[in-house]
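Asker: Here it is: the structure, laid out below.
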Amino acid sequence: MESKRMDQSFYGQPTLVLAKALVGKLLVHTLNGNKLVARITETEAYLGVLDRACHSYGRKRTKRTEILYAEAGHGYTYTMHTHCLLNIVSEGIDQPEAVLIRGVEPIYGIEAMEGLRGKSAGDKQFSNGPGKLTKAMGIPMTAYGQSLLTGPLYIADDGQSTS
């Protein structure tokens, strides 16, 4: 599978533009020597200090939200209802915005994903939610703050994206 890792300029786009651009891209995670690949099918933008749904609303800055204030292209993971969720930090330094990866379609490393998820990838509910996809792809809370430019978790383009 031929694909190209996305560069810094991709992540630094305006958050709404990035959210749309991520749809169709590949979410790739190398886990225990296995490459797990899924096509992003759904995203959700969080527009920073004026967005009541964003963790940085009102310029809130805590240990948990600190990565949102960093350079674009880092993972922002947090736990919600016992599930790890993955966001991609966007915009620029001190512009605390991010895009939540809401759903993916597995395309490579499916057997490993099925083992992690404990169910068949043929199930429509396999990776159609932010907690389900992180479980299927083995994305841990320790992905918090990791660079998507150099880490084992990254976004790639295989030329098949529709965005």
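The values are calculated or read from the model by the stated rules, or taken from the named source; none is laboratory data. Keep in mind the model is a prediction, meaning the values are calculated, not measured. Cβ atoms come from the backbone with ideal geometry, glycine included; neighbour counts cover every protein chain shown. We work out accessible area using only protein heavy atoms, side chains counted, and drop any ligands, DNA or RNA first. Shrake-Rupley method; radii C 1.70, N 1.55, O 1.52, S 1.80 Å.
Asker: Viscosity 0.890 mPa s, temperature 25 °C: what is the translational diffusion coefficient of the chain from Stokes-Einstein with a Kirkwood Rh over Cα pairs, rounded to a whole number of µm²/s?
Answerer: Details: Rh = 15.5 Å.
The calculation lands on 158 µm²/s.
Asker: Which residue fluctuates most in the GNM of the chain (Cα springs below 10 Å): A121, A38, A136?
Answerer: A121
Asker: Between P130, P152, P96, where does the largest GNM mean-square fluctuation fall for the chain, given springs only between Cα atoms within less than 10 Å?
Answerer: P152
Asker: For Q125 paired with E44, estimate the spin-label separation in nm (one decimal), with each label point 7 Å from Cα along the Cα-to-Cβ line.
Answerer: In this crude spin-label approximation the distance works out to 1.8 nm.
Asker: In the chain, what is the count of Lys pairs whose alpha carbons are under 13 Å apart, counting only pairs at least 8 residues apart or on separate chains?
Answerer: Working: K4/K25; K119/K132; K119/K135; K124/K132.
Going through the chain pair by pair, I get 4.
Asker: At what distance in nm do the modelled label points of Q8 and M80 sit from each other, each positioned 7 Å from its Cα along Cα→Cβ?
Answerer: 3.0 nm
Asker: With viscosity set to 1.306 mPa s at 10 °C, what whole-number translational diffusion coefficient in µm²/s follows for segment 1-71 from Stokes-Einstein and a Kirkwood radius over Cα pairs? Please list the in-between numbers first.
Answerer: On the way: Rh = 14.2 Å.
Value of D from the Cα-based Kirkwood radius: 112 µm²/s.
Asker: Then there is this: Which longest uninterrupted range of the chain lacks any trypsin sites (Lys or Arg not before Pro) assigned by DSSP to a loop state (not H, G, I, E or B) and surrounded by at most 10 other Cβ atoms within 10 Å?
Answerer: On the way: sites that count: R52, K63, K124.
Excluding the exposed sites themselves, the longest stretch runs over 64-123.
Asker: Moving on to the next point. Would you mind telling me the antiparallel percentage of the DSSP bridges in segment 41-156, rounded to 5?
Answerer: That works out to approximately 100 percent antiparallel.
Asker: Right, another one. Give the accessible surface of the chain per residue, rounded to a whole number of Å², with probe radius 1.4 Å and ligands, DNA and RNA excluded.
Answerer: Numbers: 8000 Å² over 163 residues.
Ligands and nucleic acids excluded, the figure is 49 Å² per residue.
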